[in-house]
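Enquirer: Take this structure, written in structure tokens, and hold onto it; I'll ask about it next.
The values are calculated or read from the model by the stated rules, or taken from the named source; none is laboratory data. From a predicted model like this one, the values you see are computed outputs, not experimental measurements. Note that we place each Cβ from the backbone using ideal geometry, even for glycine, and neighbour counts take in every protein chain shown. Just so you know, the surface numbers come from the protein's heavy atoms only, side chains and all, with ligands and any DNA or RNA stripped out. Shrake-Rupley method; radii C 1.70, N 1.55, O 1.52, S 1.80 Å.
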Amino acid sequence: MKLYSLSVLYKRDSKVHLLMGGYDLQSFGYFQRGSVKEFMVFTSQIIVERCREGSRSTVKEQEYMCHCYIRTDGLGGVLIADHEYPQRVAFTLLNKVLDDFTQKVPAHLWPDGNQNTIHYTELDGYLAKYQNPREADSMMKIQSELDETKIILHKSIEAVLERGEKLDDLVAKSEDLSVQSKTFYKTAKKQNQCCVIL
Amino acid sequence: MAEELAHRILSDLSTAFQRHPNIDEVGFICCPTCQHNRSPVVVENNKLGIETWCLELIFPYAHDKVLRARSRDDSGRKIKVSRSARSLLEATRAVLLVQADCLTAWNIRKELVEAEDLKCIQDLKFAALVLTKHPKSSETFAHRRWLLKQVVQKTSSTSPQPHPVAPASHTNGLVAGDQASGGATAAQPLSAQRGTKAELPCDEKLLEAELAVCQRSAERYPSNYYAWTHRAWVVENVARCHYKILMRELSDTRHWISRHISDHSGLQYRQFLITQLGTHFRSADALQDEFLPLLTAEFELLTDLITAFPGHEALWYHRRYVFQQWETVLSVYKCPKSDNSASSRNLTHLHQGRSDIPAEFSRDCEDGKPHHATVVQGNKKAKVDPAYTEHLTLQTELEFCRNVMATCQDGWQVRLAGSYQHWLQQRILGRDNNPL
């Protein structure tokens with residue numbers, strides 16, 4: 001079981017931007033990591049954009065599971081893991097990270113914040129610690145901590161998109177993805193590879 | 001023109017390998033057209049990157065070279081092509097970095113090894129590099145096996161023939177297992193029979209390197225069956241199923257399977273280790289005192305993982321294997337005549353259990369905790385009636401299933417528990433109908 005990325009985003013009026021991200025891309029090839037990271041950010045953003053405030057959802061994309069929790073105040077977290085990683089631990093971790101983030105970063109910085117203006121360095125630490133879900137042994141047992149909100153399961157990224165939207169178009173339009181990453185996406189798709197995110 | 005460019009890129013590749021002898025990974029850089037006027041071969045941080053646009057140039061060029069070295073005339077005889085070893089090495093290298101399953105290219109490299117134009121160790125290093133890009137290339141693993149055989153043959157011809165059972169001694173500077181890996185080994189062999197095999201029948205460094213290659217490949221590609229079967233081959237043919245190595249591998253892969261709970265191939269490797277370990281215990285005493293605790297530990301590991309991470313089929317199938325092993329062991333030293341009153345009581349008890357399985361078992365095992373440990377380890381000296389042990393194990397297993405089915409909310413996990421329970425019951429019934 002593996003965790004790949006943990007990001008904190010802010011959503012207001014259906015606009016979403018990344019506040020901070022942590023990544024563990026050791027299992028990807030050295031020359032792939034740049035593109036993989038861009039796609040993790042891109043995917044996290046799309047999911048937060050398409051999911052409602054106050055909801056928990058898990059989007060399955062090939063062998064990746066993207067767990068997403070958006071609070072009613074617009075602060076959202078996305079954890080990208082593999083399919084072995086226990087869902088419950090994933091959501092408990094997201095709860096914890098958002099709480100911690102709220103404590104350390106004042107809310108007035110969120111609307112215009114980005115990775116350069118916000119100082120929050122805990123994400124990599126959380127990722128490393130929770131790589132082994134049993135490290136957080138108490139979390140394995142705590143079930144009640146998650147409130148009653150049901151977790152919505154989507155079978156693919158395409159499933160969260162709105163009617164008429166196409167992932168290919170979103171990739172092509174994206175300004176955050178580099179030319180290399182876009183080609184990477186196209187080639188991977190053509191070869192029907194499953195070893196890349198998206 | 002294209003050929004000229006391909007030739008130049010190939011020599012860029014060679015220069016890269018010369019300048020950076022410690023390249024430890026290879027990858028492609030996604031780049032469909034040549035955008036800069038610079039070489040598509042990049043080395044960064046000891047990682048070799050090849051831009052994708054040049055692959056369609058260099059691959060046909062190098063592949064053609066490889067095939068021409070293999071061409072035959074009309075009567076099927078090889079045409080002598082005067083090619084330097086160097087150019088063949090370059091061409092096969094380029095082909096294999098792109099397409100690792102090109103057997104012809106690997107075979108040419110085998111010939112180069114035989115002609116002593118290429119050292120085994122060098123080619124092992126190259127094949128390991130290929131595996132970083134193509135982690136489940138079966139031909140690459142096959143080539144490694146061939147290379148390892150060459151190395152092992154060479155070492156065994158200079159030292160007395162190592163044999164899996166006879167003590168092996170080494171004169172040519174090989175590391176003895178005791179010094180190098182004493183700490184990692186879980187337990188010292190107890191019986192005198194296994195004590196004679198203290199020394200490893202192989203080069204420790206070679207073995208470590210090979211196991212590390214398997215580990216990396218398994219890490220890079222999930223459920224990498226090729227990597228795990230290769231690992232089993234290495235343990236069998238390089239380490240010759242040495243007791244110490246088997247035990248160490250068993251304890252080393254414990255962590256790995258706890259982190260890859262749906263990986264059948266990793267668990268299958270563990271089954272290989274356990275089966276091989278079983279052959280090390282010859283006497284009934286050794287089986288009971290050493291092998292059964294090992295199976296007990298495996299049951300406990302599985303109980304722990306299945307409970308913590310519900311819904312993974314691989315773990316349940318591994319459990320079936322452990323149970324089967326357990327049964328086999330008990331059948332080995334099950335004594336036909338037991339005049340002991342306690343044991344005959346247990347036997348009747350067992351028979352009652354068989355006639356009405358669910359009711360009987362639920363009465364006997366109420367707290368639902370695994371009993372394997374107490375049964376075996378608690379009675380190390382006193383002989384336990386195997387029939388009784390077997391009965392208890394069955395009970396524990398059925399109780400475990402019932403517990404899971406009663407408490408787990410994961411529907412898939414409940415189905416898996418149900419099918420395991422069904423399997424157990426079928427086995428008991430089958431045994432009753434066909435007495436041995």
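Enquirer: Looking only at residues that are within 14 Å of another protein chain (Cβ to nearest Cβ) and open to solvent by less than 50 Å² (accessible area, probe 1.4 Å) in region B:200-226, which one is farthest from A:GLU63 (Cα to Cα)?
Expert: B:SER217
Enquirer: Here's another thing I want to ask about it. Quick check, is B:GLU25 over 29 Å from A:GLN26 (Cβ atoms), within 14 Å of another protein chain (Cβ to nearest Cβ) and acidic (Asp, Glu)?
Expert: no
Enquirer: When the residues of region A:19-34 are filtered to those that are touching a strand residue (DSSP E or B) at 6+ places or on another chain (Cβ under 7 Å) and within 9 Å of chain B (Cβ to nearest Cβ), which remaining residue is surrounded by the most Cβ atoms within 10 Å (Cβ to Cβ)?
Expert: Within region A:19-34, the match that is surrounded by the most Cβ atoms within 10 Å (Cβ to Cβ) is A:PHE31.
Enquirer: I've got another one for you. In region A:70-98, what residues are under 20 Å from A:ASP124 (Cβ atoms), at pLDDT below 95 and not hydrophobic (A, V, I, L, M, F, W, C)?
Expert: Those that are under 20 Å from A:ASP124 (Cβ atoms), at pLDDT below 95 and not hydrophobic (A, V, I, L, M, F, W, C): A:ASP82, A:TYR85, A:THR92, A:ASN95, A:LYS96.
Enquirer: Pick from region B:36-45 the residues that are of a type outside the set (A, V, I, L, M) and within 9 Å of another protein chain (Cβ to nearest Cβ): which of them is least open to solvent (accessible area, probe 1.4 Å)?
Expert: The selected residue is B:GLU44.
Enquirer: Within region A:79-106, track down each residue that is of a type in the set (A, V, I, L, M) and out of contact with any Gly (no Cβ under 9 Å at 6 or more places or on another chain).
Expert: Matches in region A:79-106: A:LEU79, A:ILE80, A:ALA81, A:VAL89, A:ALA90.
Enquirer: Please find, within region B:98-129, the residue that is nearest to the chain's Cα centre (by Cα) out of those that are farther than 13 Å from B:ALA142 by Cα and either among the hydroxyl-bearing types (Ser, Thr, Tyr) or surrounded by fewer than 16 Cβ atoms within 10 Å (Cβ to Cβ) (or both).
Expert: Among those that are farther than 13 Å from B:ALA142 by Cα and either among the hydroxyl-bearing types (Ser, Thr, Tyr) or surrounded by fewer than 16 Cβ atoms within 10 Å (Cβ to Cβ) (or both), it is B:ILE121.
Enquirer: Applying the selection to region B:6-22, what residues are assigned to a helix (DSSP H, G or I) and either open to solvent by less than 80 Å² (accessible area, probe 1.4 Å) or under 13 Å from B:GLY49 (Cα atoms) (or both)?
Expert: B:ALA6, B:ILE9, B:LEU10, B:SER11, B:ASP12, B:LEU13, B:SER14, B:THR15, B:ALA16, B:PHE17
Enquirer: Further question on the same structure: Just checking, which of A:GLU49, A:GLU84 is open to solvent by 30 Å² or more (accessible area, probe 1.4 Å) and either away from chain B (no Cβ under 14 Å) or under 27 Å from B:HIS255 (Cβ atoms) (or both)?
Expert: Exactly one residue qualifies, and that residue is A:GLU49.
Enquirer: It is to be established whether one or more residues within region B:261-271 are within 16 Å of B:LEU330 (Cα to Cα), more than 14 Å from chain A (Cβ to nearest Cβ) and out of contact with any Ser or Thr (no Cβ under 7 Å at 6 or more places or on another chain). Let's see the steps before the verdict.
Expert: So the first thing to find is which residues in region B:261-271 are within 16 Å of B:LEU330 (Cα to Cα), and the list is none.
The answer is no, given that none of the residues of region B:261-271 is within 16 Å of B:LEU330 (Cα to Cα), more than 14 Å from chain A (Cβ to nearest Cβ) and out of contact with any Ser or Thr (no Cβ under 7 Å at 6 or more places or on another chain).
Enquirer: For region B:243-294, name all the residues that are crowded, with 18+ Cβ neighbours inside 10 Å and among the aromatic types (Phe, Trp, Tyr).
Expert: Answer for region B:243-294, where residues must be crowded, with 18+ Cβ neighbours inside 10 Å and among the aromatic types (Phe, Trp, Tyr): B:TYR243, B:TYR269, B:PHE272, B:PHE281, B:PHE291.
Enquirer: Let me ask something else about it. Say we look at region B:295-327 and pick out the residues that are under 18 Å from the mean Cα position of the chain (by Cα) and either outside the structural domain of B:THR393 (by TED's automatic domain parsing) or open to solvent by 20 Å² or more (accessible area, probe 1.4 Å) (or both); which of these is farthest from A:ALA90 (Cα to Cα)?
Expert: B:TYR321
Enquirer: Could you tell me whether region B:117-130 includes any residue that is of a type outside the set (S, T, N, Q) and in contact with a Cys (Cβ under 7 Å, 6 or more places away or on another chain)?
Expert: No, the conditions are met nowhere in region B:117-130.
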